[in-house]
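Trainee: Starting off with a structure, shown below.
Any read-out appearing in this document is the output of simple, stated calculations on the displayed coordinates, not a laboratory observation. In this text the structure is predicted, and so the values were computed from the model without any measurement. Note that we place each Cβ from the backbone using ideal geometry, even for glycine, and neighbour counts take in every protein chain shown.
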């Protein structure tokens, strides 16, 4: 199954978040609880961790890019060889945990 890693609504009142740093390479296996990406607002850093295992298949926002809450950051699959969809709306939301510092 293909999942979208989307920008979480981590900080009330914040509508856009900047991608700070990816902690995994394309194709990497992702373990539950593993740090995937750091995001930042003007006042906080958000560590996004996997809420489920999978494989990082596509990065849709690079370091420095700003993204609105809810927009996709990456695609993750449960199988390393699963074909990626052309239409992103076919992908379910990935479970994530995040910590705001």
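Trainee: For the chain, what is the convex hull volume of the alpha-carbon atoms per residue, in Å³?
Mentor: Details: hull volume 8.6 nm³, N = 101.
Per-residue hull volume (Cα only) is 85 Å³.
Trainee: Test of understanding: ordering 55, 3 by Cβ neighbours within 10 Å, fewest first, what list do you get?
Mentor: Numbers: 55 18, 3 22.
By the 10 Å Cβ count, ascending, the order reads 55, 3.
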